[in-house]
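Notes follow once the structure below has been shown.
The values are calculated or read from the model by the stated rules, or taken from the named source; none is laboratory data. The shown structure was predicted, so the numbers you read here are calculated from the model rather than taken from an experiment. Every residue, glycine as well, gets a Cβ built from its backbone with ideal geometry; the counts of neighbours run over all protein chains shown. These accessible areas exclude ligands, DNA and RNA; they are computed on the full protein's heavy atoms, side chains included. Shrake-Rupley method; radii C 1.70, N 1.55, O 1.52, S 1.80 Å.
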Amino acid sequence: MIAIPLNLELIAPVFLILSLILPLILFFFYSSRFNNKEAAPNKQTVTIPKSYPLIGSYFALKRTGNRRIQWLSDIVQISPANTFTFHRPLGRLQVFTGNPANVEHILKTRFSNYQKGYSVTSTLSDFLGTGIFNTDGNTWKFQRQVASHEFNTKSLRKFVEHVVDAELSDRLIPIMASAAQHNQTLDFQDILQRFAFDNICKIAFGFDAEYLTSSAERSKFAVAYEEAIEISSKRFRELSPLVWKVKRALNIGSEKRCRMAVREVHEFAKNIVREKKRELKEKESLESVDMLSRFLSSGHSDEDFVTDIVISFILAGKDTTSAALTWFFWLLSKYPRVEKEIVKEIMEKSEAPVYDEVKHMVYTHAALCESMRLYPPVPMDTKEAVEDDVLPDGTVVKKGSLVTYHVYAMGRLESIWGEDWAEFKPERWLQKVESGKWKFVPKDSFTYPVFQAGPRMCLGKDMAFMQMQSVVAGILRRFAVVPTVAEGVELNFISFLSAQMGGGFPVKIIEKETSN
C-alpha cells in the first residue's frame, strides 16, 4: 500500500515536464509537416536563424535535414568573426565558431573551462561509459597518460604496420581484384569501413572480427557497434534530451534497439577482456602486442576500465580513417592531376613499402591533409563551459553553454585558405626545396583542428597517417577507383559521431595493365 504513493511521487515530476513540453512536441509535429513542403535553404539564402520563445531556432535547424553540417558551416562563414550563437530549445545556448583564435582559447588557453560536460557525457555514457573520449578531469588525465605511454612505443607501431599490411594484402586487394575481374560495383565506403574495423579490432583487442570478407554475412559485434553509434549520436538531434530519456526509461523504439546493441558490444568486449586476462595469467611469456594486452600487462586489470577505454579506441580508429579515405578517393576521381602525382610517388617506392618508405610519401601525405580539410572525419566538436567566459572575438559564453568549433566550416574559410579554398590542392601544404623535391609544411593545429589540438590532441595521428598512406599505396599501385555516381549528383556529407557519405560510395574497380 505504501509503494503506490511512492511510485506516484517519483513519476509526478516526469508527467509535469511532459505536460510542459507536450505542446512543443505537437507544435513541432504540425510545423514540420508544413515545413517539409518548403525547400531546404541553400547557401544563397542562408541567414542567421531567428529565435522564438521556448523553441529557439530548433525548427530552422530541423528543416535542413541531412544538410545540417553544411547549413551551420554556411552560417559560420557569413557571421562576423566567423562565430554565432545558436538558440536551442528551452533557452539553451550554443556557440558555433570557425575562428582559430577562439579554437586556441577553447582547446588550450582555457582548456579547464571547456570540458565534455554533462550533456555530452550523459548522452554517450550508455555506449562509451567513462572511456577516454567521454570523460573529463582526473579520469581523463589518467587514461590519457596510460594511453600516451603505449602509443609512443616502437613495438606498437610495428604491430600496427603488420596488421595493416596483412589486412591489405590478404583481404582488401583480393576483394578489389575480384570486383575488377567481374565488373562488380562496390560500395567502397562500406569496404573501407569493414577494413578499418578489422584493423582496429586487431590493434585494440588482438581479435580478428573478419568483417572484410567476400561473404555478405556481417559480424554481430560490428553491426551492434554501428547501431549503437548511430542511435547514440541521433540523441543529440532531439528537441530535448527528455525525449530520448523517456524512450529509454520505457524501453521503446530506437532506445530499445540501442539498449540491445550496447549490451551486445559490452558483453562481447568483456568476454574478450576476460579471455585475455586468462591467457596472460596462464602464459607469463605471452607477447603483449595489442592495446588490451598492454593495458592488462601494465597492471590495469579493472574490467570496466579496460573495456571502456578499448571500446573508445575502436570508435577513434574505425570510422575516422575510413571516412577520410572515402572522401579522398572521391576527390581523386575529380582531380586526375593529383592522382597522377600520387601514383608517380607510389611507383618510386618498393612494391610492398615499409613504414620508413610510407612516411616519406610527402605528396600523398599532403593530399590526405587537403582531403580532410574539405571533408574532416569529425566535422564538429562540442565542449561545455564550466563558468562564464568571453572568447577572443568578444563572444560572451555563459556558464553551461555549449561551444562548438566547426572544423568543416574552417576548411572553407577564405580568410584562412585564400580565394581558391574550394580547390583540392595538395600543393598548399608543400614547398619546393633546393633539390627540387617537395617538403611538407604543416598548418597550425588551431587553424586545422582535424586531429583536435592542445592537451586533447589525437594520440593516434601518426598511426592514422601510416594506415591511410599504406592503403593508398596498396590500392593505387594496382587499381583505379572509378565512382559510378551519376553526373551532377551532389554527394551528401553527413555525420553521426564521425563523417559519412550519405547513401554510400558506389564504384567500379579497374585493374591497371602494368605495375612496377
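Just checking, does the range 457-479 include any residue being on the phi < 0 side of the Ramachandran plot, of a type in the set (Asp, Glu), open to solvent by 20 Å² or more (accessible area, probe 1.4 Å) and in a loop (DSSP other than H, G, I, E, B)? Don't jump to the end; show me each part of the working.
Filtering the range 457-479 down to residues on the phi < 0 side of the Ramachandran plot leaves 457-479.
Applying the additional criterion that residues be of a type in the set (Asp, Glu) yields 462.
Okay, now just the ones that are also open to solvent by 20 Å² or more (accessible area, probe 1.4 Å), so 462.
Next cut, in a loop (DSSP other than H, G, I, E, B) only: none.
No: the range 457-479 contains no residue that is on the phi < 0 side of the Ramachandran plot, of a type in the set (Asp, Glu), open to solvent by 20 Å² or more (accessible area, probe 1.4 Å) and in a loop (DSSP other than H, G, I, E, B).
Out of the residues in the range 405-418 that are buried (at least 19 other Cβ atoms within 10 Å of the Cβ) and touching a residue at least 60 places away in the same chain (Cβ under 8 Å), which is nearest to Ser112 (Cα to Cα)?
Pass one, the range 405-418, residues buried (at least 19 other Cβ atoms within 10 Å of the Cβ): 405-413, 417.
Of the ones still in play, those that are also touching a residue at least 60 places away in the same chain (Cβ under 8 Å) are 405-406, 408-410, 412-413.
Numbers: Tyr405: 16, His406: 20, Tyr408: 24, Ala409: 25, Met410: 23, Arg412: 29, Leu413: 28 Å.
Per the criteria, the residue is Tyr405.
Kindly indicate whether any position in the range 99-112 is aromatic (Phe, Trp, Tyr) and buried (at least 19 other Cβ atoms within 10 Å of the Cβ). Before the answer, list the steps.
Initial filter on the range 99-112 (aromatic (Phe, Trp, Tyr)): 111.
When the remaining residues are screened for being buried (at least 19 other Cβ atoms within 10 Å of the Cβ), the result is none.
No, there is no match, as no residue in the range 99-112 is aromatic (Phe, Trp, Tyr) and buried (at least 19 other Cβ atoms within 10 Å of the Cβ).
Among Asp165, Asp198, which is the only one that is closer than 21 Å to Arg294 by Cα and assigned to a helix (DSSP H, G or I)?
Values: Asp165 fails: closer than 21 Å to Arg294 by Cα.
Matching residue, one of Asp165, Asp198: Asp198.
Please go through the range 254-274 and pick out each residue that is modelled with pLDDT of 95 or more and over 18 Å from Leu128 (Cβ atoms).
Listed by number, the list holds a single entry, Lys256.
Please work out which one of (1) over 30 Å from Thr109 (Cβ atoms); (2) of a type in the set (Ser, Thr, Tyr); (3) open to solvent by less than 30 Å² (accessible area, probe 1.4 Å) is the condition Ser495 fails and give its number.
Of everything listed in (1) over 30 Å from Thr109 (Cβ atoms); (2) of a type in the set (Ser, Thr, Tyr); (3) open to solvent by less than 30 Å² (accessible area, probe 1.4 Å), Ser495 misses just condition (1).
Only residues in the range 137-152 that are open to solvent by 70 Å² or more (accessible area, probe 1.4 Å) count as the first member; pair them with residues that are at pLDDT 85 or above and in a helix (DSSP H, G or I), Cβ under 7 angstrom, at least 6 apart or cross-chain, and list the lot.
Taking only residues 6 or more apart or on different chains, not a single pair turns up.
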